[in-house]
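Undergrad: The structure that follows is given in the form of structure tokens.
The values are calculated or read from the model by the stated rules, or taken from the named source; none is laboratory data. Being a predicted model, the structure only gives us computed values, none of them experimental. Cβ placement follows ideal geometry from the backbone for every residue including glycine, while neighbour counts extend to all protein chains displayed.
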Amino acid sequence: MPYKVTEVQPTPNPNAMKFVLDRPVSEGRLSFLDPAAAQDHAVASRLFGVNGVVSLLFLGDFITVNKSPATKWAAITGKVKRVLAGA
């Protein structure tokens, strides 16, 4: 079922952004430190398909996306939203 991103919030870490969703994505904290850790989770696995995504945190109604320092947010924010809209 698709998720709508209602807000994108900066975090103290310039390489992390919080994507607030229209409904919960997880009941508890789920951390994915690399693509291998996400292989059994459909949404996380697809998010790792976005070039530059290096780790993910799912908690309640938000996902924190961590990117590589060389990647610009402008290059991946829209892609993350599209992945979540098609989830």
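Undergrad: Tally the residues that are among the β-branched types (Val, Ile, Thr) and farther than 24 Å from residue 22 by Cβ, restricting the search to the stretch 34-87.
TA: Going through the stretch 34-87 one residue at a time, the tally reaches 2.
Undergrad: Looking at 70, 36, can you tell me which residue is surrounded by fewer than 16 Cβ atoms within 10 Å (Cβ to Cβ), without any contact (Cβ under 8 Å) to a residue 12 or more places away in the chain and among the small types (Gly, Ala, Ser)?
TA: Of the residues listed, the single one that is surrounded by fewer than 16 Cβ atoms within 10 Å (Cβ to Cβ), without any contact (Cβ under 8 Å) to a residue 12 or more places away in the chain and among the small types (Gly, Ala, Ser) is 36.
Undergrad: Suppose the filter is modelled with pLDDT of 95 or more, of a type in the set (A, V, I, L, M, F, W, C), farther than 15 Å from residue 3 by Cβ and crowded, with 16+ Cβ neighbours inside 10 Å; does residue 63 pass it?
TA: no
Undergrad: Restricting the first residue to the stretch 2-25 and requiring it to be surrounded by fewer than 17 Cβ atoms within 10 Å (Cβ to Cβ), which pairs with a second residue that is acidic (Asp, Glu) and assigned to a loop (DSSP other than H, G, I, E, B) meet a Cβ separation below 6 Å and a spacing of at least six or different chains?
TA: Once the first residue is surrounded by fewer than 17 Cβ atoms within 10 Å (Cβ to Cβ) and sits in the stretch 2-25, its partners that are acidic (Asp, Glu) and assigned to a loop (DSSP other than H, G, I, E, B) give 4/22; 6/22; 24/61.
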